[in-house]
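S.K.: For reference, the structure I am asking about is given below.
Read-outs throughout are calculated quantities, based only on the coordinates presented, and are distinct from any laboratory measurement. Here the structure is a predicted model, which is why all the values come from computation and not from measurement. Reconstructed Cβ throughout: ideal geometry from the backbone, glycine too, with neighbour counts over all protein chains shown.
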Amino acid sequence: MTIAIVGAGNLGGAIAAGLLEAGAVAPADLRLVTAHAASAAAVGDRLGVAAGTDVAAAVAGAEVVLLGVK
């Protein structure tokens, strides 16, 4: 199952980490989106998943989309 998380700050990042730690999703099936490229690179490197700033690209084809924004 492919999951996209829009807003990978504190909330979205914690959800992503929990999903990965629980084995609920493989890193290759998780996509994260943040507003800033530096943040995307940091969270992507930390969790070992695809992360970027393009919402449309992240949610395209995703089976589940989670919103972690204020």
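S.K.: Please state which one of Ala24, Ala8 is loosely packed, with under 13 Cβ neighbours inside 10 Å, in contact with a helix residue (DSSP H, G or I) (Cβ under 9 Å, 6 or more places away or on another chain) and under 19 Å from Leu67 (Cβ atoms).
M.R.: None of the other options fit; the residue is Ala24.
S.K.: Can you pull out the helices (runs of 4 or more DSSP H) entirely within the chain that have at least 1 residues that are of a type in the set (Ser, Thr, Tyr) and either touching a residue at least 24 places away in the same chain (Cβ under 8 Å) or touching a His at 6+ places or on another chain (Cβ under 8 Å) (or both)?
M.R.: The qualifying helices (runs of 4 or more DSSP H) are 37-47.
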